[in-house]
C-alpha cells in the first residue's frame, strides 16, 4: 500500500508559506490570544488524521488527497494574482478561488465543533420528539417519505416534520437579528 498521509493541515502549507520567513517559520497565536510562539509551516495548523476516512476503499487519506488537488489549483490562482498581478480573474479562476475560500471556511476545527454541536442538538431533539433514533441517518431517517408521512401512525407516536422544529434562536435563547 502507498504511503498514507496522516498529518493533515487545516490551513494549506502553500498559504502559510506566504506569511513565513525564508526558513519557513511562522508566528503563531493560539487563540484566544494568550500563547504566542514560532513554528514551521509544516507543523502549523496540522492535526493527525483530521480528515481521515477509515475503511475507505481508496485509503483513509482519500479526503486529504482531494483537498490537496483543490489546494494545488487554488495555489496556482493565488500565484497568478500575487506574482503575475493578474486581475480581474477569468471566470474559471474566480470559481476555483471561490471554491477554495468556501472550503477554507468549512474545513477547520471550529467548524467541526459547530457541526458536532448541531448533530448533538438534532439528536436531542429527535429523542425528545420520538424516542431513541432508529436510523443511522438521524433525523431524516425518522421523517420518512411523503407516502410514509401520510400513513396513520401507531397510537401514542408522533411523526416529526421539519416545520415542527423550533428555530435556532428559540433553542439558544438568543436573537438572530443582525445589524440593528
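What follows draws every value from the coordinates through simple rules; no lab data is involved. A quick note: this is a predicted structure, and the numbers were derived from the prediction, not measured. Positions of Cβ are backbone-derived with ideal geometry, glycine not excepted, and every protein chain shown enters the neighbour counts.
Taking a ≥ b ≥ c as the square roots of the eigenvalues of the Cα gyration tensor of the stretch 7-110, is the shape rounded (a/c under 1.5), prolate (a/b larger than b/c) or oblate? Note, shape of the stretch 7-110 comes out oblate.
Could you line up 85, 8 from fewest to most neighbouring Cβ atoms inside 10 Å? Walk me through the intermediate numbers first.
Working: 85 7, 8 19.
So the ranking, lowest neighbour count to highest, is 85, 8.
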